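Shown next, in structure tokens, is the structure this report addresses.
Bear in mind these aren't lab numbers, they're just calculated from the coordinates by the rules spelled out. The structure presented is a predicted model; accordingly, all values stated were derived computationally and were not measured. Virtual Cβ from ideal backbone geometry, glycine too; neighbours counted across all protein chains shown.
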């Protein structure tokens, strides 16, 4: 639908397709997400064709390694959510092999994603190599996806049986993120393996909503089953029966994706198909940038045009030039502020 409602030359079409794919994956609609992201990749191929009707800037952007990395990262994210871990690692390896020099945070995020996929595949030695690379690159400095990395390393340590280290990492994640269901489940698994069933029960009791992903629901069900066996040995038959019932519910009931008719993320697409085409987002940032560039262009014409103006006008032009120069840095900080960073964090697992 997004493809039909945006023309081939629409400047925001690549971003619309990628964001829509990520949102569909978060809603559990993996096949639709993969289809949307495949279309985003096709735009890159089409941009090299002489008959492609995109604007020059859009054509240039879609032929950059940055755009290819973004689409590949998105497809890796969808594969991870859909439990196609081999495909996910393949996409993340492709991102790493692409030309260019990505930012430090992007390299760290890619290594974290490779480690997470390797843990899910049971390749603990490969995951350990990626974790070592992250630690070498990051050093003692913090980075925006550090909580994701601590979770990945904690899951790796849990799989390796290094339970004390696993609990240390996962406890830090809990401090950074709050009561995240996946982190609480990993802590419960580590506590159970250490022989502390009371701690394991305490962590599970803090899970308000079970994780939606099938793999994590299976892990939660297995942990409840193990605790039920302990309850039986202790003579607590009623508690054991209750835990088994919860485990069976988790195994049989998988959350269904939102219906398209009730899905708010598709509301703009339905609006476009009803007759209003996308024309870009009129955000405060875009308006401010447009006004700033218009002021710069007007001032440049006045200064370079050779117009005969009185001295007070020359002073006014000089004052406006100083003002625009002084405003450039605060404006850039605002345009490229934390919101852009938070948007990119969706690609980290």
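Distance from the C-alpha centroid of segment 227-244 to that of segment 176-217: 18 Å, rounded to the whole angstrom. Taking the centroid of alpha carbons for each part, segment 125-159 and segment 295-319 are 55 Å apart.
Set the Förster radius R0 to 41 Å, insert the Cβ-Cβ distance between residue 208 and residue 298 as r into 1/(1 + (r/R0)^6), and round the FRET efficiency to 0.05.
About 0.15, to the nearest 0.05.
Residue ranges 200-206, 234-240 sort as 200-206, 234-240 when ordered by packing (mean number of other C-beta atoms within 10 Å per residue, highest first). Taking 0.36 nm per residue of separation and subtracting the current Cα-Cα distance, fully stretching the chain between residue 230 and residue 196 would add 11.1 nm.
At 0.36 nm per residue, and after removing the present C-alpha to C-alpha distance, how many nm does the segment from residue 288 to residue 248 gain when stretched out fully?
Working: separation 40, 0.36 × 40 = 14.40 nm, distance 5.49 nm.
Answer, rounded to one decimal: 8.9 nm.
Computed from the C-beta positions of residue 162 and residue 328 and an R0 of 45 Å, the FRET efficiency is 0.35 to the nearest 0.05. The mean of 1/r over all distinct Cα pairs in segment 210-253, once inverted, gives the Kirkwood hydrodynamic radius of 10.3 Å.
Please give the FRET efficiency for residue 137 paired with residue 98, using the beta carbon to beta carbon distance and R0 = 22 Å, rounded to the nearest 0.05.
Values: r = 17 Å, r/R0 = 0.78.
E between residue 137 and residue 98, to the nearest 0.05, is 0.80.
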